[in-house]
1. Only one residue in GLY228, GLY178 is on the phi > 0 side of the Ramachandran plot and out of contact with any strand residue (DSSP E or B) (no Cβ under 6 Å at 6 or more places or on another chain), so which one is that?
2. So, restricting to strands (runs of 3 or more DSSP E) that lie completely within the stretch 277-328, which ones have at least 3 residues that are touching a residue at least 24 places away in the same chain (Cβ under 8 Å)?
3. Taking the options VAL132, VAL180, name whichever one is surrounded by 15 or more Cβ atoms within 10 Å (Cβ to Cβ), modelled with pLDDT of 95 or more and within 17 Å of the chain's Cα centre (by Cα).
4. Would you confirm, using the coordinates I've provided, whether SER300 is more than 28 Å from the chain's Cα centre (by Cα) and either modelled with pLDDT of 95 or more or not assigned by TED's automatic domain parsing to the domain that holds THR338 (or both)?
5. For the stretch 29-40, check the following and say yes or no: at least one residue is more than 28 Å from ALA204 (Cβ to Cβ), modelled with pLDDT of 95 or more and in the same structural domain as GLN186 (by TED's automatic domain parsing).
6. Could you tell me which of the residues ARG158, ARG81, ARG95 is exposed (fewer than 15 other Cβ atoms within 10 Å of the Cβ) and of a type outside the set (Gly, Ala, Ser)?
7. Consider ALA346 carefully, then state whether it is of a type outside the set (Asp, Glu), within 24 Å of the chain's Cα centre (by Cα), modelled with pLDDT under 95 and not assigned by TED's automatic domain parsing to the domain that holds SER75.
8. Sort out which residues of the stretch 349-375 are in a loop (DSSP other than H, G, I, E, B) and aromatic (Phe, Trp, Tyr), and write them in order of number.
Amino acid sequence: MSHYAVIAPPLYSHYQAMQALAQSLIARGHRITFVHQQDARRLLSDAAIGFMPVGHLSHPPGSLDKTLRLAANPSGLSIFRLISDMSRTTDMLCRDLPAALRTLAVEGLIVDQMEAAGGLVAEALGLPFVSVACALPVNREPGMPLPVMPFAWGTNPRAMKLFESSSRVYDWMMRRHGKVIAQHAQAFNLPPRHALHECLSPLAQISQTPPELDFPRQALPDHFHAVGPLRAEKSGQPLALPWPIDNQRPFVFASLGTLQGHRFRLFSTIARACRSLDVQLLIAHCGGLDAAQSEQLKNSGATFVTDFADQRSVLQQAQAVITHGGLNTVVDAIASATPILAIPIAFDQPGVAARVAWHGLGRRVSRFASADKLAGHLQSLLSDAAFAQRLSALQPALQQAGGAQRAAMIVEQALGQHPQRAAS
């Protein structure tokens, strides 16, 4: 049995993916401990997974809520405050992880691509590590738009110039975080580096993004493995839905994820669009709205409103899904062949939405679009069988990707290639 530490941003979707991978490793006889600020413990639901808090002085209990508020409203000056928060967290982890990992006596690390500290500290301590892309991969290559960019794929000179100039803008915006990475790389006597894509594992990189969803890539390393969604195994048939769905009318599911579930105005626009088409609409706001707002959404056109829903079971019955373009929802929609209306808000969602549209798996539309425009896109998804056919064509590859079980085997092989020893 080996003991591995997991380092990931304290965000629900990232922790859920990493938890599924951890569960597969635990089932194979390994011990797993997540390491982060104290508040991150609440994102784990499996008592078999260990947790070690760090950052007691800089990230005391209660501080994660501020980060999540910034992440839920990433616009204007808030995006720079969020980058500053991200920088402080990477700085804290680079300072506190070495002692924590020595105490835990781990044999290796499993590191989310979005947290540079994991790779930096692993290299500094001589520990093997594996990188995991819970969101779109941050791996860069010439002629590829960054995952946070909304651009469609293209190879003409105009597209190449757009991809290059937008990358420079992104690096300028992330310069504070890049400075933290560079300072700790120097302090750890590592080769110079300044960005997330320079802190990835040389042993194994695991991605949730199916190649069939991404743009055509030409420069991924040989140790890059697309395994599909990292999900806890579920046995049996999909759960019966607690809502009385009328099978004679189209049924649409709308969710904006855990961070964006508070967007009442956007949900209202979606509800009005669905009412104009006379389709059934289930909204899952993930706890972002109160009872009064939920009732208002019903008055606007939503048929059912809930906090949480079993997404995979709902998508098995839905004829379309309206989403913020979160990777987890999009991959689940591919698995159920449910056409996608993507309304991206932030982070890698514009990039996911661009890929959905480019592959013909759905439509994308601005979050500022009118109810009429949303209705027009939704009507296209409901009336054109080609969307579901293209989604169905991707299902065999997704089913064979391997998921959390294959990811666990990759981790085991990559980290097991090195002598098992505690950090010293």
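The values are calculated or read from the model by the stated rules, or taken from the named source; none is laboratory data. Quantities reported herein were computed from a predicted structural model and do not represent experimental measurements. Positions of Cβ are backbone-derived with ideal geometry, glycine not excepted, and every protein chain shown enters the neighbour counts.
1. GLY228
2. Per the criteria, 280-284, 320-323.
3. Result: VAL132 is the single residue among VAL132, VAL180 that is surrounded by 15 or more Cβ atoms within 10 Å (Cβ to Cβ), modelled with pLDDT of 95 or more and within 17 Å of the chain's Cα centre (by Cα).
4. Taking the combined requirement at face value, the residue satisfies it.
5. yes
6. ARG158
7. Yes, satisfied.
8. Of everything in the stretch 349-375, just one residue is in a loop (DSSP other than H, G, I, E, B) and aromatic (Phe, Trp, Tyr), namely PHE368.
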